[in-house]
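Structure first, commentary second.
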Number of protein chains: 2
Amino acid sequence: MTQAIPTSTSTSTAATFTALKCKECGAEYEPKAMHVCEFCFGPLEVTYDYSALARTVTRRSIEAGPKSIWRYRSFLPVASETPIDVGTGMTPLLKANRLARRLGLKQLFIKNDAVNMPTLSFKDRVVSVALTRARELGFTTVSCASTGNLANSTAAIAAHAGLDCCVFIPSDLEAGKILGTLIYGPTVMAVQGNYDQVNRLCSEVANTHGWGFVNINLRPYYSEGSKTLGYEVIEQLGWQLPDHIVAPLASGSLFTKIYKGFQEFTQVGLVEGKSVRFSGAQADGCSPIAQAFKEGRDFINPVKPSTIAKSIAIGNPADGVYAVDIARKTNGNIESVTDQEIIDGIKLLAETEGIFTETAGGTTIAVLKKLVEAGKIDPDETTVAYITGNGLKTQEAVQGYIGEPLTIEPKLDSFERALERSRTLDRLEWQQVLV
Amino acid sequence: MTQAIPTSTSTSTAATFTALKCKECGAEYEPKAMHVCEFCFGPLEVTYDYSALARTVTRRSIEAGPKSIWRYRSFLPVASETPIDVGTGMTPLLKANRLARRLGLKQLFIKNDAVNMPTLSFKDRVVSVALTRARELGFTTVSCASTGNLANSTAAIAAHAGLDCCVFIPSDLEAGKILGTLIYGPTVMAVQGNYDQVNRLCSEVANTHGWGFVNINLRPYYSEGSKTLGYEVIEQLGWQLPDHIVAPLASGSLFTKIYKGFQEFTQVGLVEGKSVRFSGAQADGCSPIAQAFKEGRDFINPVKPSTIAKSIAIGNPADGVYAVDIARKTNGNIESVTDQEIIDGIKLLAETEGIFTETAGGTTIAVLKKLVEAGKIDPDETTVAYITGNGLKTQEAVQGYIGEPLTIEPKLDSFERALERSRTLDRLEWQQVLV
């Protein structure tokens with residue numbers, strides 16, 4: 001039953017990455033399926049030959065590429081000339097004028113991964129990269145430990161690529177996330193425990209089954225996919241950096257990789273460098289990174305999550321300390337909000353911009369609002385808020401907070417009465433506001 | 001309470017459309033908010049100056065446009081230089097190799113509007129056009145009669161554009177479609193009746209309230225948005241026409257507008273003309289167009305819908321006769337399938353290509369399969385199947401048909417036992433297949 005873990009590395013000349021390197025001690029490794037330094041147990045990260053990239057990649061060469069994350073292939077850790085491309089990435093960067101006015105900002109943009117392809121969250125970026133690399137490394141079964149979105153994405157893209165798939169989720173996930181995984185036909189293990197317990201179990205399975213776990217033994221490749229959320233914002237702003245970004249924090253990886261993306265494009269001369277402030281968003285019910293930030297700690301005290309924002313409910317975040325470091329050195333902030341503020345954030349974004357996001361996105365909008373109100377985002381800053389998933393997956397969260405339809409008979413007078421009733425209610429609410 | 005219906009037409013020089021013209025008697029009208037010929041009650045359609053378009057639009061000028069339907073603005077009935085652009089369109093045309101192999105086709109593509117922006121159905125195309133035109137014509141309240149997707153889209157894009165919105169839906173819609181409308185804060189009228197009753201009520205309201213109903217008094221503009229599903233396929237196939245298309249039929253409008261899109265690009269020289277076969281898909285529980293096609297009729301006998309494919313359950317389809325005509329003259333077919341085949345179609349597409357579509361898409365895939373099996377699609381034809389909406393909106397349809405997760409404790413031995421059990425089950429199922 002136990003398979004050998006494949007270790008072959010592709011030798012295609014399309015590869016621009018050079019090695020895996022420990023973020024802590026700097027030890028280097030061949031780019032195979034591993035994620036932890038054998039000497040110091042630090043996390044491994046992919047390195048590239050930036051001099052070569054600076055010589056060969058131009059704005060024009062990127063713009064001539066596919067309308068997906070693969071226009072940035074030279075900055076991603078895959079060797080194949082034909083990566084798995086299901087149209088992932090190049091989601092809209094929407095100028096959010098109505099939300100900006102409501103909050104009192106002058107230049108606000110929403111990076112909308114609620115409509116990312118194929119499974120409507122930013123996870124499609126990391127999974128497209130991880131499964132392409134998994135195929136190169138010879139894996140035939142792929143897997144993940146997931147809070148929901150990652151399971152959707154791994155199952156869908158594995159189906160498209162014809163890879164066997166087994167995903168692990170906490171058993172109390174939202175119905176839409178479970179159904180949105182099962183539909184693709186993978187094996188789904190619903191673990192009676194929280195994400196951190198799921199993750200620990202998966203680490204054991206990764207060691208014994210020879211499977212490619214996108215966020216464990218393939219994590220160094222997987223996490224690089226998030227850099228495209230940095231690249232795309234630069235390109236979509238007309239090859240400029242924003243002044244301030246706000247993004248949700250789960251493991252912290254997304255945050256650090258947007259930062260890495262900005263750094264890389266500056267380093268190779270694709271964008272003029274400037275300081276960008278990085279602010280992070282957590283839910284009060286799972287805010288170990290926000291707590292470390294506020295208390296000035298450089299270590300994370302794990303917590304037991306209890307929040308409606310399940311997709312970011314990681315109590316022991318792997319990249320938490322790096323996220324704290326980035327927020328500090330960029331003069332950003334890490335803030336957390338209540339579940340009610342998260343629901344209000346979802347509604348605010350929907351009503352002002354027509355974007356329906358899940359709880360993680362509600363968290364980001366609520367923290368954005370809180371930071372503006374506290375004077376921690378300047379109205380003149382060009383600000384980008386990252387919306388990472390779709391509201392149709394977490395319908396439970398807003399059920400009961402968005403009103404009901406007015407039920408009428410198919411007759412004009414029934415409609416007129418209902419309309420009059422609703423206008424009277426609106427007026428009453430308005431009067432209550434005035435009182 | 002009753003407002004005057006605005007009738008002003010924009011005079012911007014950006015307009016390339018010239019008039020509204022009756023599809024039946026050819027009478028012409030100014031491009032204002034009207035949809036029915038005053039002489040013969042035929043439907044009105046937008047006309048353009050194709051000679052001017054042939055002189056000014058090139059493949060290169062389109063490719064240099066925005067990554068949305070607005071790259072085809074010259075072929076759309078809006079005058080504004082700044083249409084409402086929320087990133088709608090330019091959805092992936094996915095080469096569906098695994099599904100093609102399963103069906104026995106050589107070149108199959110999926111046009112995937114399950115990930116259209118912002119509300120995950122092709123309706124975002126028609127609504128983007130209709131609300132842009134509504135704004136030009138001076139409407140401040142927009143509305144629609146909807147089977148669900150249109151309500152989602154109208155509410156979302158109206159929110160983004162700051163227009164007041166009131167939508168009408170049948171009261172028995174799927175939960176995801178109701179919640180996916182309410183979240184944007186419109187007035188929602190849930191009518192106790194089927195879509196055809198909703199539609200009749202809305203026609204009355206359109207006459208008395210001065211609202212812009214996207215699919216009634218704005219219908220000529222609205223329906224033109226579907227042409228972009230034709231244009232994009234041409235562009236994404238490398239400026240070529242496919243041999244055969246399969247699309248779902250509700251009112252029949254989408255079908256006729258893909259056809260119009262192909263005709264227009266041929267006429268202005270953007271693509272080399274050739275015959276394309278048009279095949280349409282309906283559910284057995286609401287198949288008035290398929291019935292007319294099969295019985296050789298050139299009129300539609302309205303039916304009372306009863307199917308899980310609610311988004312295409314229109315018993316009295318406005319453009320049904322035109323759809324029948326196109327299928328006949330292109331040597332295509334119109335076929336219908338059972339609810340169980342629809343569910344199987346949803347699963348087949350998810351398991352082979354990683355695309356989760358709603359019931360309308362399941363209908364399309366099931367009809368595609370049926371037509372291939374009946375020898376009505378040639379394996380050598382380059383075939384495009386249009387997937388028009390997302391499966392997260394109709395979760396009820398597949399609930400109970402996709403299995404359950406395996407619930408385990410967060411322990412290695414619990415996982416190993418579950419895995420062994422699932423493999424035994426797989427083997428048993430396989431043995432049953434062999435017996």
Legend entry - Carbon and sulfur %, accessible surface of the protein assembly as shown computed with the full protein complex present, 1.4 Å: 48 percent
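What does the accessible area per residue of the stretch A:140-216 come to in Å², with a 1.4 Å probe and no ligands, DNA or RNA counted?
Here the per-residue accessible area is 22 Å².
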Inset, instruction - Could you please tell me the mean projected area of the C-alpha convex hull for the stretch B:84-123, averaged over all directions and given in square nanometres to one decimal? - result: 3.1 nm²
Legend entry - Shape parameters for the stretch B:112-195, alpha-carbon atoms, Rg then Dmax in Å: 11.9, 34
Inset, instruction - Springs between alpha-carbon atoms under 10 Å, Gaussian network over chain B: tell me which of B:GLN399, B:GLN236, B:GLN197 tops the mean-square fluctuations. - result: B:GLN399
Legend entry - Total charge dipole magnitude, the protein assembly as shown, about the Cα centre, Cβ charges on Lys, Arg, Asp, Glu only, Debye to nearest 20: 1200 debye
Legend entry - For chain A, convex hull of alpha carbons as volume per residue, Å³: 159 Å³
Legend entry - Choice from A:TRP239, A:TRP70, A:TRP211 with maximal GNM fluctuation in chain A (Cα, 10 Å cutoff): A:TRP239
Inset, instruction - Please give the per residue volume of the convex hull enclosing the alpha carbon atoms of the stretch A:329-392, rounded to a whole number of Å³. - result: 93 Å³
Inset, instruction - Please identify the cysteines of chain A that lack any partner cysteine with a Cβ under 4.7 Å from their own Cβ. - result: A:CYS144, A:CYS165, A:CYS166, A:CYS202, A:CYS286
Inset, instruction - Report the one residue of B:THR266, B:SER253, B:GLY238 whose Cα lies farthest in the direction of the positive end of the charge dipole of the stretch B:235-277 (charges on C-beta: Lys and Arg +1, Asp and Glu -1; origin at the Cα centre). - result: B:SER253
Inset, instruction - Quick one: P(r) of the stretch B:193-272 from all Cα-Cα pairs, 10 Å bins, percents rounded to integers, in order of increasing distance. - result: 17, 38, 25, 16, 5
Legend entry - Long-range tail of P(r) for the stretch B:240-386 (Cα pairs > 25 Å, %): 24 percent
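Per residue, what volume in Å³ does the convex hull of the Cα atoms of the stretch A:21-136 enclose?
Looking at the stretch A:21-136, the number lands at 168 Å³ per residue.
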Legend entry - Heavy-atom SASA rank of A:ARG277, A:ARG417, A:ARG71 (probe 1.4 Å, accessible area, largest first): A:ARG417, A:ARG277, A:ARG71
Legend entry - Furthest towards positive pole of dipole, A:PRO379, B:THR58, B:GLY345, structure part the protein assembly as shown, Cβ charges: B:THR58
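What translational diffusion coefficient, to the nearest whole µm²/s, does the stretch A:123-163 have by Stokes-Einstein, given a Kirkwood radius computed over alpha-carbon pairs, a temperature of 20 °C and 1.002 mPa s viscosity?
In µm²/s, the coefficient is 215.
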Legend entry - Calculated SAXS-style log₁₀ I(q)/I(0) at q = 0.04, 0.05, 0.07 Å⁻¹ - the protein assembly as shown, Debye, Cα scatterers: -0.17, -0.26, -0.52
Legend entry - Angle between chain B longest axis and helix B:123-136 axis [Cα atoms, degrees, rounded to 10]: 20 degrees
Legend entry - Heavy-atom accessible area, 1.4 Å probe, ligands and nucleic acids excluded: residues of the stretch B:342-366 down by at least 30 Å² from chain alone: B:ALA350, B:GLU351, B:GLU353, B:GLY354, B:PHE356
Legend entry - Size of the B/A contact, given as accessible area buried on both chains, probe 1.4 Å, in Å²: 6300 Å²
Legend entry - C-alpha center-to-center spacing [the stretch B:384-419, the stretch B:283-328] in angstrom: 33 Å
Inset, instruction - Using only Cα atoms, locate the centre of the stretch B:338-365 and the centre of the stretch B:97-130, then give the distance between them in Å, rounded to an integer. - result: 12 Å
Legend entry - Ascending list, in nanometres, of distances separating the B:LYS106 label from those of the other copies (7 Å, Cα toward Cβ): 6.1
Legend entry - Among B:ASN301, B:ASN215, B:ASN316, residue whose mean-square fluctuation peaks in a GNM of chain B (springs only between Cα atoms under 10 Å): B:ASN301
Inset, instruction - Kindly express, to the nearest 10 degrees and within the range 0 to 90, the angle between helix B:195-209's C-alpha long axis and the longest C-alpha principal axis of chain B. - result: 30 degrees
Inset, instruction - On a 0 to 90° scale, report how tilted helix B:253-267 is relative to the longest principal axis of chain B, with both axes built from alpha carbons and the result rounded to the nearest 10. - result: 70 degrees
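Using the crude model of +1 on Lys and Arg Cβ and -1 on Asp and Glu Cβ, and no other charge, please compute the dipole size for the stretch A:240-334 relative to its Cα centre, in debye to 20.
Computed charge dipole of the stretch A:240-334: roughly 120 debye.
The values are calculated or read from the model by the stated rules, or taken from the named source; none is laboratory data. Bear in mind the structure is a predicted one, so any value in this text is a computation, not a measurement. When we count neighbours, we look across all protein chains shown, and the Cβ atoms used for this are built from the backbone with ideal geometry, even at glycine. To get the accessible areas, we keep the full protein, side chains included, count just its heavy atoms, and leave off ligands, DNA and RNA. Shrake-Rupley method; radii C 1.70, N 1.55, O 1.52, S 1.80 Å.
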